[in-house]
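Here the structure is laid out as structure tokens; the discussion comes afterwards.
The values are calculated or read from the model by the stated rules, or taken from the named source; none is laboratory data. Nothing here was measured: the structure is a model prediction, and the numbers come from that model. Virtual Cβ from ideal backbone geometry, glycine too; neighbours counted across all protein chains shown. Keep in mind that these areas ignore ligands, DNA and RNA; they rest on the heavy atoms of the full protein, side chains included. Shrake-Rupley method; radii C 1.70, N 1.55, O 1.52, S 1.80 Å.
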Amino acid sequence: MEKISCDIAIVGAGIAGLRAAIAASNFNKKINIAVISKTFPVRSHSVCAQGGTAAVLRRGDSFDLHAWDTVKGSDFLADQDVVEFFVKKAPKQVIFLDCLGMPWSRDEEGLIAQKRFGGHSFSRGCFAADYTGLHEMHTLYGKASALENITFYNEWFATSLLTEEGKIKGLTVINIKTGEMHLFKAKAVILATGGFMRVYSFTSHSHTATGDGVAIAYRAGVPLKDMEMTQFHPTGLVPADGVLITEGARSEGGFLLNNKGERFMGKYAPEMMELAPRDVVARAEWTEIMEKRGFSSSFGKYIALDLRHLGEEKIKEKLPFIKEICRKLAGLNPANDLIPVKPTAHYSMGGIHVNVKTETEVRGLYAAGECSCLSLHGANRLGTNSTAECLVFGEVAGVEAAKYALKHDFSEAPLDKVKSEEERVFDGILGKEGFEKVPEIRKEMRETMNENCWLFRNEEGLKKGLKKIRELKERFKHVAVEDKGKIFNTGLIAALELDFMLDIAETILTSALLRKESRGAHVRVDYPERNDKEWLVHTLIYCSKEGLKFNFLPVTITKWKPVARKY
């Protein structure tokens, strides 16, 4: 097995991963940085971020106001010290991108344009039409690729973390082009692998969003936090399996309509209407559908998003990508036609448990972006806070990992674990002559999550879903990868991804079953009220030889006591 040494290994090349690489490089030009990505960087899921990046830039706005909106939006599960740190650091990141040449949309005075997104009480979302994530990615990749101490390993797939005595030693990675496994010896590792909403079938996430980093951290003994908190974005395109229609469409003045032609959000959020937080809007839509006020089609029930009153020119200027998506995937023109939408699995508030420095419980291991859980978003994330989080904490992770790497020497990786991982991948999965098929198990997993762990949950459904996922995990032991070659074996990669997703699905269902209350995106119809007395806590879930283990952490409150959420 070939060994590759680097000071810092960053797994994932989205916004968080690239920002971490740049920050580490800027901290010390002598640090050797490896960026490992299973896809080409500018094909990372971050390019799908359409809306914007939140930052306090204008008079009338304030750090406290942004923090309050975020805490209230989180249904008071966010750690307020993390939120306060975040809102103060976000403006610097917007200016940093601007200095790198980020093509922000501008207002009439030439300033970076901002508009209001769901749950925000001020127009603080910086944007680049509806291609914000794409432009942020291109800007960061252009900078990172110009730095001499950063090496990209594109189309390399990380399979496990190597730890010993609570310290990171490195990781095992497959070069997809050759199929050979490599040992990366690293002083520090940053996980920036994004979310895992591909455990659902109707989702806005790219097919690459399979939670690999979350799963390998979990298997290495790092706890996952608040995994029950999965967000459903209100506007997933029907019938395109949940492809996102940006919240920016409603920010520009789009309406939601039921089959009676009513703009129904007035019943659910009379002040903010369509720009209430995502959990509020998604529940309102699903309630309209369940109460038979949704539209019917051969693709199921849906709600209508109306942009027709905006006119062709405004849509072309402000929402060009949405116009293209509607034309290509639904065969309609939003200037003339209603857009069929319904809630889509969109974001994971939960993830790898880290502190405000992005440190995990394993020394030298960091996590940033959607794969991590800083407790910034709590039970519900506000739009435009995610790209800002990737930038703020990507930089933090890069700097902290660089500091750690400079203080520590290389140490030998545990070769027994390396050998065990080779056997798991090449003998246990690739070499096995099984009778189960990856696509069949994957399809059943996603249908199970859609049916039993969707917007509205109950004990019966969650137990049914958990039982099914555990059955699928047993069936996975008999999976066959038909292509036995190593070169560009996409069947093997799909099997490895499914193995990870089954672990993640199990943690989501188990955590959702554990939390006996309704809070933010987590709605238990059998426990319909928020219960601050018993459940104002974070859930931690551990992987152990004895099975899943749990713990709880108190929520950090600095200024804002929990109150009723009204919009």
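Put +1 on the Cβ of every Lys and Arg and -1 on every Asp and Glu Cβ in the stretch 387-491; which of 487, 388, 434 then has its Cα farthest towards the positive end of the dipole?
434
Take the Cβ-Cβ distance between residue 336 and residue 514 as r, set R0 to 56 Å, and report the resulting FRET efficiency rounded to the nearest 0.05.
Step by step, r from the Cβ atoms, then E = 0.70.
Leaving out ligands, DNA and RNA, and with a 1.4 Å probe, what % of the accessible surface on the chain is carbon or sulfur?
Its accessible area is 51 percent carbon and sulfur atoms.
Okay, helix-only estimate at 222 nm for the chain: each DSSP H run of n ≥ 4 adds -39500 (n - 2.57), divide by all residues, round to 500 deg cm²/dmol; what do you get?
Per the formula, -10500 deg cm²/dmol.
Quick check: the angle from helix 438-452's long axis to the longest principal axis of the chain, C-alpha only, nearest 10 degrees?
The two axes meet at around 40 degrees.
Compute the distance from the alpha-carbon center of the stretch 417-477 to that of the stretch 214-287, in whole Å.
26
Mind putting together the pair-distance distribution for the stretch 246-354? All Cα pairs, 5 Å bins, whole percent per bin, short to long.
2, 11, 21, 23, 19, 14, 5, 3, 1, 0
Check which residues have an amide H placed less than 5 Å from residue 36's amide H, if you skip close sequence neighbours.
Excluding prolines and chain starts, which carry no amide H, the hits are 10, 11, 12, 153.
For a label point 7 angstrom out from the Cα of residue 544 toward its Cβ, which stretches of the stretch 142-164 have the backbone nitrogen within less than 19 Å?
Residues passing the 19 Å test: 164.
Can you give the charge dipole size of the stretch 305-418 about its Cα centre, rounded to the nearest 20 debye, using +1 on the beta carbon of Lys and Arg and -1 on the beta carbon of Asp and Glu?
380
List the residues whose amide H sits under 5 Å from the amide H of residue 523, counting only those 5 or more places along or on another chain, with H placed 1.01 Å from N in the peptide plane.
Hits under the 5 Å cutoff: 457.
Roughly how big is the stretch 119-261's charge dipole about its Cα centre, with Cβ charges of +1 (Lys, Arg) and -1 (Asp, Glu), in debye to the nearest 20?
Value, rounded to 20: 200 debye.
Provide the descending list of Cα extents for the chain along its principal axes, expressed in whole angstroms.
Projected onto its principal axes, the Cα set of the chain covers 64, 53, 49 Å.
Can you give the charge dipole size of the stretch 453-494 about its Cα centre, rounded to the nearest 20 debye, using +1 on the beta carbon of Lys and Arg and -1 on the beta carbon of Asp and Glu?
With Lys and Arg at +1 and Asp and Glu at -1, about 140 debye.
Which one, 113, 173, 100, is farthest towards the positive end of the dipole of the stretch 80-218 when Lys and Arg carry +1 and Asp and Glu -1 on their Cβ?
173
Return the lysines within reach of residue 167: Cα separation strictly under 17 angstrom, same-chain partners fewer than 8 residues apart disregarded; answer none if there are no such residues.
Within the straight-line cut-off, residue 167 pairs with 185, 187, 357, 403, 407, 417.
Jot down the radius of gyration and Dmax of the stretch 1-125, Cα atoms only, both in angstrom.
17.5, 59
Over its Cα atoms, what ratio of radius of gyration to 2.2 N^0.38 Å does the stretch 118-254 give?
Dividing the Cα radius of gyration by 2.2 N^0.38 Å gives 1.31.
Between rounded, prolate and oblate, where does the stretch 391-536 land on the alpha carbon gyration tensor, with a ≥ b ≥ c its root eigenvalues, rounded for a/c under 1.5, else prolate if a/b exceeds b/c?
In terms of gyration-tensor shape, oblate.
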